[in-house]
1. For residue 18, which of the numbered conditions (1) part of a loop (DSSP other than H, G, I, E, B); (2) more than 24 Å from residue 71 (Cβ to Cβ) fails to hold?
2. When the residues of the stretch 161-177 are filtered to those that are closer than 20 Å to residue 117 by Cα and assigned to a loop (DSSP other than H, G, I, E, B), which remaining residue is modelled with the lowest pLDDT?
3. Looking only at the stretch 196-216, filter to residues that are part of a strand (DSSP E or B) and touching a residue at least 24 places away in the same chain (Cβ under 8 Å); which one of those is nearest to residue 150 (Cα to Cα)?
4. Could you tell me which of the residues 105, 180 is at pLDDT 80 or above, surrounded by 14 or more Cβ atoms within 10 Å (Cβ to Cβ) and within 25 Å of residue 26 (Cα to Cα)?
5. Condition first: surrounded by 13 or more Cβ atoms within 10 Å (Cβ to Cβ) and either touching a residue at least 40 places away in the same chain (Cβ under 8 Å) or on the phi > 0 side of the Ramachandran plot (or both). Now tell me which residues in the stretch 140-149 satisfy that.
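The values are calculated or read from the model by the stated rules, or taken from the named source; none is laboratory data. Everything numeric here is computed off the predicted structure, so don't read it as measured data. Ideal geometry is used to build each Cβ from the backbone, glycine not excepted, and the neighbour counts take in all protein chains shown.
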């Protein structure tokens, strides 16, 4: 993939599309492939072009943004845009990069794009890391960059704009989205079980169809993750 991020804007409101396009025009590493007024138009576009990122309105006629996001290739990342705060939970359950409330200010959109770059760059770098170099990560906490060994992480908990990384004897708090942090973790060691939880597979002590117990704490498995979680666990 090139350093230029190819995106599309999907919104049934012309003014909303124009605002996002104006903001994105200020970011040199973003290329707008198409501005779409509905999901059908967007479907045709992603089938004809290689798209990295979608700025996607949720409340659209015929096919909603949520339904559209569920139907596309998971390699295409989504930043939801909407005037309704009520959709935030469902949006993040789909592992959206970010969730922007209208009217969208440039600084807020830029933050969302930077989150995408963090995830993208992490994925690129992970492919090239040696085994020794991929045993830890650095996270910012209380104005310091802390080294966190992957083997020490018990589970990760999301609290709005903050993440709690639970270790055996301490908890590290960092300002980051759970999706961005998830991209830094080795998939063979960790598993997303809920919009708010990522767990270390080796720390599982028991599980049911509804919960996973990590040491002595039971964490819920959400409906949207259940099928994949149980599929993974049944392999052990």
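1. (1)
2. Taking the stretch 161-177 and keeping what is closer than 20 Å to residue 117 by Cα, we get 161-163, 174-177.
With the extra rule that they be assigned to a loop (DSSP other than H, G, I, E, B), the set shrinks to 161, 176-177.
Working: 161: 78, 176: 85, 177: 87.
Checking each candidate, the answer is 161.
3. From the stretch 196-216, those part of a strand (DSSP E or B) are 197-200, 204-207, 211-214; that's our starting set.
Within this subset, residues satisfying the condition of being touching a residue at least 24 places away in the same chain (Cβ under 8 Å) are 197-200, 204, 207, 214.
On the way: 197: 16, 198: 12, 199: 11, 200: 9, 204: 15, 207: 22, 214: 15 Å.
Looking at residues that are part of a strand (DSSP E or B) and touching a residue at least 24 places away in the same chain (Cβ under 8 Å), I get 200.
4. Values: 105 fails: surrounded by 14 or more Cβ atoms within 10 Å (Cβ to Cβ).
From the options 105, 180, the qualifying one is 180.
5. none
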